[in-house]
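Notes follow the structure.
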Amino acid sequence: MMLIAVVLIPMIAGLLAWAAGKHSPNAPRWISLAAMVIDLTILLTMWNGRVAFEALAGGGPWLMEVNLPWMPGLGIGFHLAMDGISLLMLILSAFLGILSVGCSWTEIKEKVGFFHFNLMWVLSGIMGVFLAMDLFLFYCFWELMLVPMYFLIVIWGHENRIYAAIKFFIFTQFSGLLMLLAILALYFIHGHATGVYSFDYAVLLGTPLTSTAAKWIMLGFFIAFAVKLPAVPVHNWLPDAHTEAPTAGSVILAGLLLKTGAYGLIRFVVPLFPQAAMDFAPVAMFLAVLGIIYGAVLSFAQTDLKRLVAYSSISHMGFVLLGIFAWNTLGLQGAVMQMICHGLGTGALFMLVGAIQERIHTRNIEIMGGFWTAAPRMGAVAMFFAMASLGLPGLGNFIGEFLVLLGSYRASVMWTAIASLGLVLGSIYSLWIIQKAFFGPKDNEAHVSDLAKRELAMFAALMVALVWLGMYPAPVLRTADPAVTTVQQVVEKQLQGGTKVTMGNFTDLGQEEIASSKTPRNDNIYSFPSFTWVRTCTQSFTLKGDKFSTSASEPDPVLRLGRSLALPGGGDKS
Amino acid sequence: MTIMDMVALVPLMLLALTATGVVLLMAFCRCHRTTVLVTLIGMGLSIVALALLPFVCVNRQVTPVLMIDTYAVLYMGILFVTSFVIAAMSYTYFEKQEGRKEEFYALLLMATLGAGVVAASCHFVSFFMGLETLSVSLYAMVAYTRKRQDSIEAAFKYLMVAAASAAFLLFGMALVYAESGSMEFTQIAKLRLDMPQGNLLVLLAGCGLMVVGIGFKLALVPFHLWTPDVYEGAPAPVTAYVATVSKGAMFALLMRYFAQVDMHQYPSLIFLFTLIAVVSMFFGNLLALLQNNIKRILAYSSIGNLGYVMVAFLASGKIAATAAAVFLASYFITTLGAMGIITALSGKDRDADSFEDYRGLFWKSPWLAAIFTAMLLSLAGIPLTAGFIGKFLLLEAGEESSVWISIAALVISSSIGLFYYLRIVLTMCDMSDKESAPAKPVSLTENLVLSCLFIALLFVGIFPAPLIHVAETLVASIL
């Protein structure tokens, strides 16, 4: 029931905020803030209170689950479930939710009530997406987050907002409909084959599909998620939507909405269509690398600061796609890590641009310069997040990107090599921001006041989070690990057996896996604090579910490096 | 005629009685409010009788021409409830108008009676009688605000086109009758196809001509030309009526007729209907993009929506029949809501159909704007609204029968449709003019009706199971 509460709290708060907006502009802000704080508290309690690890000991794949009948005639249930990845994403949502309320505190002055209504509903939709385990419900939440976001852009956005909002809406809606078709096709194929008509994820896992059907249905899902991610040929909506949205909108778009695409790939595309996804992996990896390079190059070419950050998102999310389709523990862990860190880092950059725009009323990087003298604190903050964005070791993004590259190396050396160029390009555009805006001659007459206490507090929270993730990522990796292992096991089982995986042996697999790898895992890394995760470890480990590599025993240098990092999920299998 | 036959006809008779009652009432006292009350009570009783009917007598053939089965009950129920809502909506609308108002309700009742007969007919005679009762009442209803020039213009256009389409329909019926020797649907359905080539040609020509006649009424492309003008010119409640009841009755009949005739023996007909459906979806949605008048936008959108429902018609089968009924029900809720907003904002001289009437509505009367937005999102097929459930079931039915071309057209054209729905929403969100006059006050009845529609929209969107269940049970009688 707590899961329902998590989704419901923002919805109710949104309605309250709208109603309260008539009386005082501050009431909606406080209501929304309170709702997000409550949500975050609940989620952190779940995380901290080891709901997670108790459930794991019990062995179920889900840490928490609610399954209520909704439209039983059609096989549709109100099925919410949470595993490690969902939990992390939910915490990220609530955290960025607080920040997005915070960063619009002074920016939004008109129709405050309705603004917070939309803000809360989009967050609620996003949280629903991370929890829904019924494909129909998933689609509902998927669309639900669209409409409030459209309003956020269209009412409170910048100059070109209408164009951007409509483009965003059409792109996502059309790709969403493709996904709906794919969902229905899957539903019928499963129904015809087994007689059980259901939209439930657990039931649909392991649906026997012909390879053609699997390919088409997989593409339907993939396109929907690729648009949200965004992958390159369908990224077109992103720069416009990010640029024109109000700051809170950009933070949510970059920080959370994009993650729903990646989440969908991990949760649905690969587990539901393992073989088709495997066959498609080279294309997906190519798209990922294309995104990384293309995003980085275009990012550097922008004069609009917000657009620059938007394009950098495309580049960063390319790493996520790469990690997912490498489909091994390292890659997946890296993708999850990168999702979180990109959410925090890019969210911060958008807030920074928002802060600059609030002060000098432009985002044109050409007429900025010399802010450091006037606003040293802002400069330092910007420097920090630019460093995070370029992947400085010690900050979270580095862990994410590094893990992804490690994982993808085992899938494809060539694409990994090209993708690592993205890191170099990343440093160019990240430093470019600092160089143009904060150093150089001061050719803007406007006075730039330094960050206020509220802003400082928000940036400080983000900085602490990024440093923490960079120095001691173990708690996050450990939370994601069982989930990552489980999806891998499901896929592996299907690929090997070709038989239907029911929820029953899905569970057993999880238990078995946890039992077998519990000891080494705990000994290896999780008990070691901070820096020692990069320690020399002679234990060899094999990467499970590693379908793309030719041979696991190949003595290549990166593998040796990989061995030296006792990474989660590896376990000791030798 | 036995007692049971009479019982089966009670809902229709109640409507006829109320119509007579309203006409008589006018002779004694002309009071708008009383007339509306009598109308509403009559319709309400008829709806109650209809709801009880399946418990009393099931699937009864009353005379050779009417088939009061559960399918008829379902569609009559949808049509009557829609008419009830329109009658309630009309009250405030006509209260603002000058001149006599009471006749409108008599016309409304008779039109609804005609629609009910069409939905229940299983014979060409009752079909045509019902259709003409509906159409003739509608001519007068479209022209009801006769001080407005465009209202008269619309009525004439409607009269011409409907008369022409009736002629097509009759000639088609005659050809079919010439070949089959019967006017009963069941007899026609039994016709074997191993007849000589020439005779088959005549039969197909007859069907084709009937399709023309039906296409006119449903406003499917290429028979849609009257739609935008009539929508624009007619008073808003009548527009709502044309968009819902008149099309719904016709669709019910189409579905029944072709459920009995196994359509898959006629590939040419399948091709024809697929073509009509696809072209309607694209034409409707593309042309709606070019409009600058809300009523015209809704007209073109209705062309597209009728194209969507043809997907269920093509799919055929139990899921499809359910999908069609649920889609129409949710489309009616949505259209009534949208038209209800236009009705509520309309003034004495003109209807609120330009974009300017809606600029900044979100800030002037948030409740109305929120309802209108919900209706538009429902038309666009966004989850948690009734429109999504309808579209979802259509897609489901389509995939079940693998009518991929129509499904693809549905997906693409409804994405195109987003543009113009969002355009209206955008106008409502516009913050640019703050100085303009505050929104007109909305009367209690209108608020009540709109709120009920809004709740119905969300209820069907969130808990569609009861509606789907009812539809599924009731459509079974034609399968």
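Worth pointing out:
- Looking across B:Ile341, B:Ile319, B:Ile303, B:Ile333, one residue alone is closer than 11 Å to B:Gly398 by Cβ, among the β-branched types (Val, Ile, Thr) and assigned to a helix (DSSP H, G or I). It is B:Ile319.
- Test result for A:Lys215, within 11 Å of another protein chain (Cβ to nearest Cβ) and basic (Lys, Arg): no
- Checking A:Leu204 against (1) within 21 Å of A:Gly75 (Cβ to Cβ); (2) within 14 Å of chain B (Cβ to nearest Cβ), the condition it does not meet: (2)
- Residues that are in contact (Cβ under 8 Å) with a residue 12 or more places away in the chain, small (Gly, Ala, Ser), within 11 Å of another protein chain (Cβ to nearest Cβ) and touching a Phe, Trp or Tyr at 6+ places or on another chain (Cβ under 9 Å) do occur in segment A:128-144, at least one of them.
- For segment A:177-201, the set of residues classified as surrounded by fewer than 22 Cβ atoms within 10 Å (Cβ to Cβ), in a helix (DSSP H, G or I), under 29 Å from the mean Cα position of the chain (by Cα) and more than 8 Å from chain B (Cβ to nearest Cβ) consists of A:Tyr201 only.
- Listed by first and then second residue, the pairs with beta-carbon distance under 6 Å, at least 6 apart or on different chains, first residue in segment A:283-301 and over 16 Å from A:Gly407 (Cβ atoms), second aromatic (Phe, Trp, Tyr) and assigned to a helix (DSSP H, G or I), are A:Gly295/A:Tyr311; A:Leu298/A:Tyr311; A:Ser299/A:Tyr311; A:Ser299/A:Tyr429; A:Phe300/A:Tyr429.
- Subset of segment A:391-414 [in contact (Cβ under 8 Å) with a residue 12 or more places away in the chain, farther than 22 Å from A:Ala474 by Cβ and surrounded by fewer than 22 Cβ atoms within 10 Å (Cβ to Cβ)]: A:Ser412
- One residue from B:Ser401, B:Ser415 being among the small types (Gly, Ala, Ser) and farther than 17 Å from A:Ile189 by Cα: B:Ser415
- Of the helices (runs of 4 or more DSSP H) contained entirely in segment A:317-409, those carrying at least 2 residues that are at pLDDT 90 or above fall at A:329-360, A:376-390.
- Test: residue in segment A:437-456 that is within 20 Å of the chain's Cα centre (by Cα) and either within 28 Å of A:Ile367 (Cα to Cα) or free of Cβ contacts under 8 Å to residues at least 24 places away in the same chain (or both): no
- Condition met for A:Ala480 (under 26 Å from the mean Cα position of the chain (by Cα), crowded, with 18+ Cβ neighbours inside 10 Å, modelled with pLDDT of 50 or more and more than 20 Å from A:Leu63 (Cβ to Cβ)): no
To keep it simple, each residue is scored yes or no on (1) under 30 Å from B:Ala323 (Cα atoms); (2) within 14 Å of chain B (Cβ to nearest Cβ); (3) at pLDDT below 85.
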position	(1), (2), (3)
A:Leu43	no, no, no
A:Met71	yes, yes, yes
A:Leu74	yes, yes, yes
A:His79	yes, no, no
A:Met82	no, no, no
A:Ile91	no, no, no
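- Of everything in segment A:1-40 that is touching a strand residue (DSSP E or B) at 6+ places or on another chain (Cβ under 8 Å) and within 13 Å of A:Ser124 (Cβ to Cβ), the residue that is surrounded by the fewest Cβ atoms within 10 Å (Cβ to Cβ) is A:Ile4.
- Index of the failed condition, A:Gly125 passing every other in (1) surrounded by 24 or more Cβ atoms within 10 Å (Cβ to Cβ); (2) more than 9 Å from every other protein chain (Cβ to nearest Cβ); (3) in contact (Cβ under 8 Å) with a residue 24 or more places away in the chain: (3)
- Total residues in segment B:362-419, condition part of a loop (DSSP other than H, G, I, E, B), facing another protein chain (nearest Cβ under 7 Å) and out of contact with any Cys (no Cβ under 7 Å at 6 or more places or on another chain): 1
- Conditions (1) closer than 21 Å to B:Ser477 by Cβ; (2) surrounded by fewer than 24 Cβ atoms within 10 Å (Cβ to Cβ): number failed by B:Ala323: (2)
- B:Ile303 vs. criteria within 29 Å of B:Tyr91 (Cα to Cα) and touching an Asp or Glu at 6+ places or on another chain (Cβ under 7 Å): no
- Test: residue in segment B:430-446 that is facing another protein chain (nearest Cβ under 8 Å), assigned to a helix (DSSP H, G or I) and not basic (Lys, Arg): no
The values are calculated or read from the model by the stated rules, or taken from the named source; none is laboratory data. Given the structure is predicted, the values throughout are model-derived calculations rather than measurements. We place every Cβ from the backbone using ideal geometry, glycine too, and count neighbours over all the protein chains shown.
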